[in-house]
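Read through the structure below, which is laid out as C-alpha cells, and then see the notes.
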Amino acid sequence: MKNVLFVASEGVPFIKTGGLADVVGSLPKCIDKRYFDVRVIIPKYTCMKQEWKDKLTFKTSFYMDFHWKNEYVGILEAEVDGVKYYFIDNEMYFGGFKPYGSDTLFEIEKFAFFSKAVLSALPLLDFKPDIIHCHDWQTGLVPVYLQERFQGNDFFHGIRTVMTIHNLKFQGKWDTKSIRDITGLPEYYFMPDKLECYKDANLLKGGLVFADAITTVSETYAEEIKTDFYGEGLNGLLCARAGDLRGIVNGIDYDDFNPEKDTMITHHYNAMNFRKEKIKNKRALQEELGLDKTDKTMMIGIVSRLTDQKGLDLVSYIMDEWCGTDNIQLVVLGTGDEQYENMFRHYDWKYHGKVSANIYYSEDLSHRVYAACDAFLMPSLFEPCGLSQLMALRYGTVPIVRETGGLKDTVEPYNEYESTGTGFSFVNYNAHEMLSCIRYAEKVYYENKREWNKIVDRGMGTDYSWHVSAMKYQEMYDWLIG
Ligand code: ADP
Ligand code: GLC
C-alpha cells in the first residue's frame, strides 16, 4: 500500500470557493484503494458550515515555533465517502467569514503557518505518506520546508512531493524581507534559483523548484504556461522543468453531478430522455427566477467567479448588442469583482424577464442552472482546466467556450459537415468573435433542433468522470516512488 497525502487550502464538502475544492474533494475517492491510501489535510476554517464542523473529532494538539511565536496547532479528523480528512486548527489564522482575505501578506503568513504545521503534524497522524501532493501556492512551502527542516529526521526521509498548479495567476508573492521574517528560512533559499522571483519572494516558485514532480490540470495549459503570455513570469522555470511537468485533465464527481439523481434539480433526466424531460427544468427555473415563461427561447447560463480570468469583459462589451437583439435568455450565477457584479445587475434591470443576475454563491442554484439551460457560456481569457463546462456537458447543456487551456481539451467544436463535436468554440480573445460564435450556436438551436440534440447526445456521451485521469495520477505516483 502506498500512502498519499493531499495538502490543500480547500476541499468539498467542507469548504469551497472554486474548482480546486471540487478536485480535492473528488479525486482521492477515485484513486484505486487496493494500491493507494489517499488522505487529505486542509485548514479548519471557522466559516465552514456547522453541519460539517459537527463531523470533526479532535485528534491531538501541539505548539509549534512560527514567526517568532509559539503557535497552537490543533489536529481534527473526519471521514467522508471512505476518505480520511485531517484539519489544522488555529483560530487566529483560520477565523473570519471567508477562507481567504484581501491582505496578501497575512494570507502568506497564514499558509506558511499551514504548510509548516502540516509537516510538523505528520508524525502524530499514524500515517506516513510516501508522497505529499501539494495544490496551488498556498502549499508551495511544503516541499521547501520538507527539504530545509524536516528531511534530516528519519520519519521524513524519502518522502516525495508533487506540486499541482490549478491556477498560475496566484503565486503568493511579497517582498523578500517580510517573507524571510515570516518563514524563518535562511538566506540561501532567497536566491533567484529558489524562492526569489523578480526581487520578490514567491511561495509557488518555491514549490515548483523543490517538488519532485509538477502537474497542472490540462494538457493544453501545461503547454501554455511555458509561454510568456500564460507563464505569469514563471515560464522560464517551467520550461527548465518541462521534463517533470505533465498535464492531467480534471474530472468531476459523476455521483454529485448526475441529472438522473441530483436532489438539487426539479426534474430528473438522462441521455435517453433529455429531449422530453430536460425542458421541465427550464420551465421551473424561469418560474424561480422570474424570467419570461417560454419554452422556445434559448437559455444560456454562466456560473462563474466574476473575475477577469473568465472573459467577462468580452461579455460586457456585447451585452446590449446581444440581449437587445437576439431571442435568448441569460442566467448568471456568480460573485467576484464589483464591476462585473454591477454590470450583470444593470442588465438584469434593463432586460428584465430576459436576463437574470444572481450575484451570490449557491450550490443548489448552480445545479439548477446546469440542468435548465440549453447552452453554457465560458469565454475565459485563460482556463487551467475549468469544471463548469464539464458539469454543463454532463447535464446536456452545450458549452460555448474560448479555445484555451482545459476548455480546448474538453469541448470538441461542432462541425456541421461531419456532424461531430460537443460544443461551440472561438479562438481569439475578441468580443465579436465570441458573439458570432454564440450566434452560430443560436442558429443551430433555432433552425436545426435535430442537429442541436445530436450535439447534446454527444456531450452527454463524453466521460469526464475521474476514471481515466485518476489512473494517470496513479502512474505518476508509481513512477515517483519507484
Ligand atoms: P474556477 O476554479 O476557476 O473558479 P472551475 O470551472 O474549475 O473554475 O470551477 C468553478 C466551480 O465553482 C464549479 O463547481 C462551479 O459550479 C462553482 N461556482 C462558481 N461560482 C459559483 C456560484 N456563485 N455559486 C455556486 N457555485 C459556483
Ligand atoms: C482553478 C482554475 C480552473 C480549474 C480549477 C481546478 O481554479 O481556474 O480552471 O478547473 O482550478 O483545477
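The values are calculated or read from the model by the stated rules, or taken from the named source; none is laboratory data. Quick caveat: nothing in here was measured; it's all calculated off a predicted structure. Every residue, glycine as well, gets a Cβ built from its backbone with ideal geometry; the counts of neighbours run over all protein chains shown. For accessibility, only protein heavy atoms count, side chains too; no ligands or nucleic acids. Shrake-Rupley method; radii C 1.70, N 1.55, O 1.52, S 1.80 Å.
Quick one: which helices (runs of 4 or more DSSP H) sit completely within region 375-482 and have at least 3 residues that are outside the structural domain of residue 329 (by TED's automatic domain parsing) and touching a Ser or Thr at 6+ places or on another chain (Cβ under 6 Å)? Give the steps one after another, and end with the answer.
Details: elements: 388-394, 405-410, 431-447, 449-461, 467-481.
So the answer is none; nothing clears 3.
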Practice prompt. Quick one: count up the residues across region 209-261 that are assigned to a loop (DSSP other than H, G, I, E, B), open to solvent by less than 20 Å² (accessible area, probe 1.4 Å) and among the hydrophobic types (A, V, I, L, M, F, W, C).
Written response: 7
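Within region 70-189, which helices (runs of 4 or more DSSP H) (wholly inside it) include 1 or more residues that are over 27 Å from residue 361 (Cα atoms)?
104-121, 141-145, 176-183
Residue under question is residue 38, and the condition is that it be within 16 Å of ligand 2 (Cβ to nearest atom) and either under 23 Å from residue 166 (Cβ atoms) or modelled with pLDDT under 95 (or both); does it hold? Talk me through it step by step, then tell me what you get.
Working: within 16 Å of ligand 2 (Cβ to nearest atom): no; either under 23 Å from residue 166 (Cβ atoms) or modelled with pLDDT under 95 (or both): yes.
Taking the combined requirement at face value, the residue does not satisfy it.
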Practice prompt. Evaluate the following for residue 339: is it assigned by TED's automatic domain parsing to the domain that holds residue 303, among the polar types (S, T, N, Q) and part of a strand (DSSP E or B)?
Written response: no
Item to complete: Could you run through region 268-286 and say how many residues are in a loop (DSSP other than H, G, I, E, B) and either open to solvent by 70 Å² or more (accessible area, probe 1.4 Å) or aliphatic (A, V, I, L, M) (or both)?
Response: 3
Item to complete: Working only within region 26-56, note down all residues that are open to solvent by less than 10 Å² (accessible area, probe 1.4 Å) and either within 16 Å of ligand 1 (Cβ to nearest atom) or over 21 Å from residue 478 (Cβ atoms) (or both).
Response: 26, 27, 41, 42, 43, 45, 48
Worksheet entry | Total residues in region 358-374, condition away from ligand 2 (no atom under 15 Å from the Cβ) and not in a helix (DSSP H, G or I) | 6
Worksheet item: Somewhere in region 8-23, is a residue polar (S, T, N, Q) and outside any loop (DSSP other than H, G, I, E, B)?
Response: no
Worksheet, complete the sentence: Inside region 378-399, the number of residues satisfying the requirement of being under 15 Å from residue 252 (Cα atoms), within 10 Å of ligand 1 (Cβ to nearest atom) and not hydroxyl-bearing (Ser, Thr, Tyr) is 8
